[in-house]
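Chemist: Below are the structure tokens for one structure; questions will follow.
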Amino acid sequence: MSTTPLPGVGVRYDLTTREQRHVSVIAHRDGAGRTLNTYAGDDPDACALSLRLTEAEAASLAEALMPSHRSPSLLSTTDLGLVAERIELPATSHWNGRLLGDTRMRTDTGASIVAVLRRAEAIPSPTPNFRLAGGDTLIVIGTREGVDAAAAILGRE
């Protein structure tokens, strides 16, 4: 599996199967779902099938592809109308070196920062007095609108 960022669109995931078939999935940044593409065996650039899936349809397809031993205690954010997203804090961000609580993230957007990835370390449940640093990756969960608003706040320079 390889990933390719598609600026302004999302991320494309490419997979070549054991039978040498090329499949790609585009995860749209706007949360509008996924596009599933398969390609002709004799021409890797010729798209044989393209399916635009809603978020719910993509979740149903992923569920069908998952092992049946999945724990019932795990929550599926899509079933709840929530999204979880990684948002990188740029070094030029207004929030670089400031406290998480100063962002007023949960109050202003309803989205929560549930973890911070810093270098090779994961910091779960950061408190309001956690100091943010440029290059941190924040794991944000909330509604699509809330997560988008959080990304806008965090990207503020």
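Chemist: So the label point goes 7 Å from the Cα of residue 123 along Cα→C-beta, right? Which residues of the stretch 80-94 then have their backbone N under 18 Å from it?
Modeler: Of the residues in the stretch 80-94, 86-94 have backbone N under 18 Å from the label point off residue 123.
Chemist: Assuming R0 = 22 Å, what is the FRET efficiency of residue 11 and residue 137, from their Cβ-Cβ distance, to the nearest 0.05?
Modeler: 0.95
Chemist: To continue, here is another question. What distance in nm separates the two pseudo spin-label positions at residue 57 and residue 80, each 7 Å out from Cα along the beta-carbon direction?
Modeler: The modelled label-to-label distance comes out at 2.6 nm.
Chemist: Right, here's the next one. Can you give me the accessible area per residue for the chain, using a 1.4 Å probe, in Å²?
Modeler: 64 Å²
Chemist: Can you send over the carbon and sulfur percentage of the accessible area for the stretch 100-142, probe radius 1.4 Å, protein chains only?
Modeler: Solvent-exposed carbon and sulfur of the stretch 100-142 make up 50 percent of the total.
Chemist: Explain nothing, just the number: relative contact order of the chain, from Cα pairs under 8 Å at least 6 residues apart, as a whole percent.
Modeler: 17 percent
Chemist: Kindly express, to the nearest 10 degrees and within the range 0 to 90, the angle between helix 144-154's C-alpha long axis and the longest C-alpha principal axis of the chain.
Modeler: 50 degrees
Chemist: Once both axes come from the Cα atoms, what is the angle between helix 55-65 and the longest principal axis of the chain, in degrees from 0 to 90, rounded to 10?
Modeler: That helix lies at roughly 60 degrees to the long axis.
The values are calculated or read from the model by the stated rules, or taken from the named source; none is laboratory data. The model shown is predicted, which means the values in this text are computed figures rather than measured ones. Ideal geometry is used to build each Cβ from the backbone, glycine not excepted, and the neighbour counts take in all protein chains shown. For accessibility, only protein heavy atoms count, side chains too; no ligands or nucleic acids. Shrake-Rupley method; radii C 1.70, N 1.55, O 1.52, S 1.80 Å.
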